[in-house]
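Undergrad: Structure below; questions to follow.
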Amino acid sequence: MKKFVQNSLLTILGLMIIGGIVEYFLRHIPNDYQYKKEFLDNNSDSIRVLFLGNSSAICAINPALISKKSFNACHNSETIDYDFEILKKYGNRLKSLECIAITISNYTLYKKLETMDPSKIKNYTIYYGINTSRKISDYSEVLSIKGITNIKRLYDYYVQNRSSITCYDLGYFIFSDLKFHYDLIETGRISALRHASKDDRYFDENLNTIKAIIEFAEKKGIKVFFYTVPAYRTFVENLDSMQLKRTINTLNDLEKKYNNVVYRNYLEDKSYSEDDFFDADHLNEMGATKFTLKIDSLINLNSELTWSKLHLSTKLREI
């Protein structure tokens, strides 16, 4: 019996050592979360326009085309609560910040990361040091991701020398093939289904988070620009219309309530064609160039249009 216990303890110890080694090497694979965190660590004080949000904004906003120094700090599937966590983490360092730009999707008010894509939470705890989760697995690469996936990650980086960084210097997505796009009909249906929410249990919580972001910015004299990125018609047609309408109406109400807030909805902007999309709910590089220049014209304080005029204008609405 004693020998059995000793062998068991040795086995457990061995597994722990192996797990620790694997964890170490996984954490040293460069990734977008690590890269963007380090960029913010080193450059927060000079950023004047900070973009937060999900994958639609990663593909839609190229900070190199923004007139003022900007950074795309968006991440795949990022939800509004993590937008706020990043903002709070760097709030005191963002000494030059003039505008926070946050993308609003049809699921922004309806979902949280733990129910949408819980495997991504560990990226915020491990690489950003955002410790909001109470689950042990969210603090470990090994415990949060399936073993076969981690083996592939190790093989791709350490054997094949394949980078897992998917963004340029300023956080904008790298398109490896500028002419390629997925089936816009199929991706429209699939993406809209993935964005749908069964209920509104997170609505009030997410709305309060948005209000907290606005009030956080208001105290620091920072403007908040909310926007909805263009999508192809097949995506829009398959969305939950009531969910979408409530989201748009809520953001319009926030714009009326707060003087430092502007919301623009470009979801069905007719100036974007099939050639502007990577898939049904993400712009490609050509579409992103058009969209970024449009956004720059609205948030650039050196343009002829001042923020107060923008806030009061009804001519520029694109709903």
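The values are calculated or read from the model by the stated rules, or taken from the named source; none is laboratory data. Note that this is a predicted model, so its numbers are computed, not measured. Cβ coordinates were reconstructed from backbone atoms using ideal geometry, including for glycine residues, and neighbour counts include every protein chain displayed. Accessible surface is based on the protein model in full, side chains and every heavy atom, while ligands, DNA and RNA are left aside. Shrake-Rupley method; radii C 1.70, N 1.55, O 1.52, S 1.80 Å.
Undergrad: How much accessible area per residue does segment 185-277 have, in Å², with a 1.4 Å probe?
TA: 50
Undergrad: Skipping prolines and chain starts, which residues have an amide H placed within reach, meaning under 5 Å, of the one on residue 264, given they are 5 or more residues away or on another chain?
TA: Under 5 Å from the amide H of residue 264 lie the amide H atoms of 226, 227, 228, each far enough along the sequence or on another chain.
Undergrad: Pop out the carbon and sulfur fraction of the accessible area of the chain as a percent, whole number, probe 1.4 Å.
TA: Its accessible area is 55 percent carbon and sulfur atoms.
Undergrad: Still on this structure, I have one more. Compute a Gaussian network model of the chain, connecting alpha carbons closer than 10 Å, and tell me which residue from 53, 147, 171 fluctuates the most.
TA: It is 147.
Undergrad: How many nm is it between the label spots at residue 131 and residue 294, if each spot is 7 Å from the Cα in line with the beta carbon?
TA: The two pseudo-label positions are separated by 4.4 nm.
Undergrad: Still on this structure, please answer the following. Grab the Cα-Cα distance for residue 211 and residue 183, subtract it from 0.36 nm times how many residues apart they are, and report the gain in nm with one decimal.
TA: Separation in residues times 0.36 nm, less the Cα-Cα distance, equals 6.4 nm.
Undergrad: From the phi of every residue in segment 97-106, what ³J(HN,Hα) in whole Hz does the Karplus formula 6.51 cos²θ - 1.76 cosθ + 1.60 yield, where θ is phi - 60° and glycine or proline is x?
TA: Per-residue couplings from phi come out as 5, 10, 8, 9, 10, 10, 6, 10, 9, 5 Hz.
Undergrad: Read phi for every residue in segment 38-52 and hand back ³J(HN,Hα) as whole Hz from Karplus 6.51 cos²θ - 1.76 cosθ + 1.60, θ = phi - 60°, with x for Gly and Pro.
TA: Each residue of segment 38-52 in turn: 5, 5, 5, 4, 9, 10, 3, 5, 10, 6, 10, 10, 10, 9, 10 Hz.
Undergrad: Continuing with the same structure: Figure the gain on full extension for residue 69 and residue 155 (residue separation times 0.36 nm, minus the Cα-Cα span) and round it to one decimal in nm.
TA: 27.3 nm
Undergrad: What whole-number distance in Å separates the alpha-carbon centres of segment 266-298 and segment 166-228?
TA: Computed from Cα coordinates, the inter-centre distance equals 14 Å.
Undergrad: Enumerate the amide H contacts of residue 277 below 5 Å, restricted to partners 5 or more residues apart or on another chain; note that Pro and chain-start residues carry no placed amide H.
TA: When sequence neighbours closer than 5 places are left aside, the close amide H contacts are 284.
Undergrad: Would you mind counting up the charge near residue 194? Only other residues with Cβ under 13 Å from its Cβ, with Lys and Arg at +1 and Asp and Glu at -1.
TA: Combined, the nearby Lys, Arg, Asp and Glu give -2.
Undergrad: Return the single residue from 176, 70, 96 with maximal mean-square fluctuation; model: Gaussian network over the chain, springs between Cα atoms under 10 Å.
TA: In this elastic network of the chain, the residue with the biggest mean-square fluctuation among 176, 70, 96 is 176.
Undergrad: Could you give me the ³J(HN,Hα) list for segment 136-147, computed from phi with Karplus coefficients 6.51, -1.76, 1.60 and θ = phi - 60°, whole Hz, x at Gly and Pro?
TA: Whole-Hz 3J(HN,Hα) from phi for segment 136-147: 4, 4, 6, 10, 9, 5, 5, 7, 9, 10, 4, x.
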